[in-house]
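> Below is one structure. I have some questions about it.
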Amino acid sequence: MKDQQPGKIDTAQLYQKAKTFLYKYGQKTALQTKETAVNVKRNVGEIKQEIKPWAAKLQQKTMALKEKTLIYWQSRNKEQKQKIMAMGAATVVMITSVVAYHQYQESLRAYEIYMEGDLIGTVRQEEELKEAIDALQQEMRRLYDMKAYIPEDQEWVEVKARDRELSSQEALVSGIKSQLGQQVQAIEIQVEGEALVTLRTKEDANKLLAKIQEPYLKDDIEYLEVDFLEAVEVVEKPAQLSEIRRLEDALQFIRTGTDEEKVYTVEPGDSSWVIAQRNEMTVDEIAEANPEINVELLSIGQEINLIVPKPYLTVTSRYYVEQTEEIPFETEDVETDSMYEGDRRITVQGQEGKRDIQAYITEKNGKVADREIIEEKIHAEPVTRVVAVGTKERPATMATGTFINPTTGRLTSPFGMRGGRRHTGIDIANSTGTPIKAADAGRVSHAGSRGAYGRLVIIDHENGYQTYYAHMDRISVSSGERVHKDQLIGTVGNTGRSTGPHLHFEVRKNGTPVNPMGYVRY
């Protein structure tokens, strides 16, 4: 080889080196490409069915490129053409495989959806979840006319999933129901920060609060303020369908303070006092539980409520009045030893005064809680009532004015109509020989037999009242005898018109039979 002259490039030598480099590079690349192709082939063999469309397109492009390459190199050296062809083909195969693999991996991209920490389903696109939510909302509107609650804090986790692992719309809807239940957007009324009732809409809540206030407001008053004593809030909150109350039920619950119902049907011989005693209540409590009726004028078959209201809300109202009103008089008791203990007599009649006032009135649940009088003009002062109160010791045989139960036993027949006839007393059944005692002190006006009454004792209590004790087996007192309260006067029997041993007990006021259950308790 001739020495290369300085500054002159040996093109033949350079060409030979380039040829050698390309040959070695082609072999190395071909070997690497072969190894890559073997590895890819394993994966491609598993997934070629799934990437067939992409592979077909790439194969077409490869063939087109190959044809162009063949045409281009037809004029080149055959050896160079073969080497470069091998390099090109291997490169194309490698690129095709890599692109196909990446496209396949991209096709597996999916997302697991979590709501409140629970897996709902798997989708590829956000639109799939939106469509499922729309389907659920349509179902809730159709069935319940309400909007389903969908939490906003959804978690999306990227995963790889084949088509068969994705959730259908039906499965997504089912997943939401399974994890969240039948939750809907509802309205909660809170009192002092605590949940009270849950309703369907804000409109229902406003109607309910208005209905709670309604009974305590009068049409002829112009109110300055109407509110609740307690802090009341209406908030939007998700709730289960089972927690939502009907408007009527929520109203009853808030007014009474309970879901319990206790209804009593008035029977013959009943009075508000009798019903109260039987149910361990007072007449005032009966009246409070039934504000819409007069409990002193009950009728047979009428239903009354026995739950005394303990409302959760207190309605407060404030208004201004200008009115003329009576000034109540005071009562003064004056002791005297000229009267027996327990006796009282008015010696000076009280008289109410009269005044004009201007005032601000505050009511709580319809009852006056405060009167702020800002101006008054008195027309007449009230006159104090004076009552003489006896201090002299009362004889044991003088009536006290109250009655005790005359015997023990079971009430079998009340006062009132019975079998088309008026029953003038009550019947207390017990065994023959059971003691009978005077219900109050007085004078025995009759002791002996009297027709259908059988053996009968009548006590005149000398205060307008008489008591009758009939069907007695044995009489222990005599006519004209004075008896004290709780004194034995005889025993239970079955004499006269009677179907079994019992005491027929009557209370008469000024000669007229009245219901004994207004005076004794059985």
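Values in this text are rule-based calculations from the coordinates and carry no lab data. Note that the coordinates shown come from a computational prediction; the quantities given were computed from them, not determined experimentally. All Cβ positions, even for glycine, are placed from backbone atoms using ideal geometry, and neighbour counts span all protein chains on display.
> With no solvent and one point on each alpha carbon, what is the Debye value of log10 I(q)/I(0) for the stretch 259-309 at q = 0.19, 0.32 Å⁻¹?
For the stretch 259-309 at q = 0.19, 0.32 Å⁻¹, log10 I(q)/I(0) is -0.53, -1.57.
> I need E188, E112 ordered by Cβ neighbour count within 10 Å, fewest first.
With the fewest neighbours first, E188, E112 line up as E112, E188.
> Taking θ = phi - 60°, what integer Hz values does the Karplus form 6.51 cos²θ - 1.76 cosθ + 1.60 yield along the stretch 288-301, in sequence order, with x for Gly and Pro?
Those phi angles translate into 5, 6, 9, x, 8, 10, 8, 6, 8, 10, 7, 10, 4, x Hz.
> Given a Förster radius of 45 Å and the C-beta distance between A161 and R246 as r, what FRET efficiency does 1/(1 + (r/R0)^6) yield to the nearest 0.05?
Computed FRET efficiency for A161 and R246 comes out at 0.50.
> Counting other beta carbons within 10 Å of each residue's own, what order do T384, T512 fall into, fewest first?
Fewest to most other Cβ atoms nearby, the residues stand as T512, T384.
> Can you list the residues of the stretch 244-285 with backbone N under 17 Å from a point 7 Å past the Cα of E292, pointing along Cα to Cβ?
Backbone N within reach: 247-257, 261-266.
> Right, something else. Just rank D427, D284, fewest to most, by other beta-carbon atoms within 10 angstrom.
D284, D427
> Right, another one. Check the straight Cα-Cα distances from K160 and name the aspartates and glutamates below 12 Å, setting aside those fewer than 8 residues away within the same chain.
E106, E112
> Continuing with the same structure: Please tell me which of these pairs span more than 25 angstrom C-alpha to C-alpha: K310/K367; K211/K262; K130/K237; K177/K211?
Result: K177/K211 exceed 25 Å.
> Run the numbers for I300 and V226: contour at 0.36 nm per residue of separation, minus the present Cα-Cα distance, in nm.
22.7 nm
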